[in-house]
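The values are calculated or read from the model by the stated rules, or taken from the named source; none is laboratory data. Everything numeric in this text was worked out from a predicted model, so none of it was measured. Cβ coordinates were reconstructed from backbone atoms using ideal geometry, including for glycine residues, and neighbour counts include every protein chain displayed. Only protein heavy atoms, including side chains, enter the accessible area calculation; ligands, DNA and RNA are left aside. Shrake-Rupley method; radii C 1.70, N 1.55, O 1.52, S 1.80 Å.
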Amino acid sequence: MRQDDRAAFDRALHRARVSAYAPGEFVGQESFMTAGEIRALAAQAGIGPGMTVLDLCCGIAGPGRLLTKELGCAYLGVDASARAVAIARERAGDLPCRFAIAQIPPLPAGPVDVVLVLETMLAFEDKDALVREIAAALRPGGRFAFTLEEGPPLTAAERAAMPDADTVWLTPLNEMATSLKRAGLVVTWQEDHSRAHGSVARALAAAFAADAGDIAAQIGRPALDELLAAHRLWIEWLDAGRVRKLALVSERAGTGPA
């Protein structure tokens, strides 16, 4: 699904997204994460007042705005989409969030306390190179908090079935663990969200289908069909254990202020 006009997609899907999540769990995220999961990951990463947080591939920055508002961190969201960043800036309002338009990698100059990659690790084919840059951007004792679509690489048939398969690069956990270790990052926390994300994917697919007429009128039927096809594949893969959704926190070796 090519979201060339992020504002149109955001408007078209907003009502369905709100209805798919439990009350209070939708905060503008473009993913399967809930607000509770975002808060839990932030807590494990030690995000708090004044902490410098670099959010890679932030999109419209629903999670970033939530963390800035609730935790008082010094937040910088980076995304390659100028349209997404424009929406993020507008919605941040008076919040002290900063945003930048840039391809990742490379990363903005550090050091920072925490690097976030939420629901977008699958877009990076070369995760080893990304992790090396993240580790270099962290201060000693800094944390890398992220979610991971874990599993063997897609087969040729799976790639043919998945819309925009060039942005879907699954990674086995042992390979990610090796990349982290090589970069000097030690995993301090891990949680499996596969079942919960399967439920969210199912709720979103149902909400999109229920609102299909209005959504198709705004973004076109082909884009809606791709959206539904992708969600149905994620439901199938998560239910079958083909893919696991994990949340992890790793820490850069060394000492530094907490």
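Counted by Cβ distance under 14 Å from Tyr75, the other residues give a net charge of 0, where Lys and Arg count +1 and Asp and Glu count -1.
Per residue, the convex hull around the alpha carbon atoms of the chain comes to 112 Å³.
Counting only heavy atoms of the protein chains and using a 1.4 Å probe, Thr68 has close to 10 Å² of accessible surface. What fraction of the Cα pairs in region 142-211, stated in percent, has a spacing above 17 angstrom? More than 17 Å apart: 61 percent of the Cα pairs in region 142-211.
Sorting Asp225, Asp79 by solvent-accessible area of protein heavy atoms yields Asp225, Asp79, largest first, with a 1.4 Å probe. Residues whose amide H falls under 5 Å from that of Phe99, counting only those 5 or more places apart or on a different chain, are Gly77, with hydrogens built in the peptide plane. Seen from every direction in turn and averaged, the convex hull around the alpha carbons of region 102-148 projects onto 3.1 nm². Share of pairwise Cα-Cα distances greater than 17 Å in region 181-226 is 57 percent (whole percent).
Rounded to the nearest 20, the Cβ-based charge dipole of the chain about its Cα centre (Lys and Arg +1, Asp and Glu -1) stands at 440 debye.
Taking Lys and Arg as +1 and Asp and Glu as -1, the other residues whose beta-carbon sits under 11 Å from that of Glu158 total +1. Using a probe of 1.4 Å, the accessible surface attributed to Met51 totals some 20 Å² when neighbouring protein chains are kept in position.
So which residue, out of Phe32, Phe124, Phe208, gets the largest mean-square fluctuation from a GNM of the chain using Cα contacts under 10 Å as springs? Of Phe32, Phe124, Phe208, the most mobile in the Gaussian network model is Phe124. For the chain, the per residue solvent-accessible surface stands at 44 Å², with DNA, RNA and ligands left out and a 1.4 Å probe.
At the residue level, Lys69 shows approximately 150 square angstrom of accessible surface with a 1.4 angstrom probe and all protein chains present. Region 75-152 and region 162-203 have their alpha-carbon centroids 15 Å apart.
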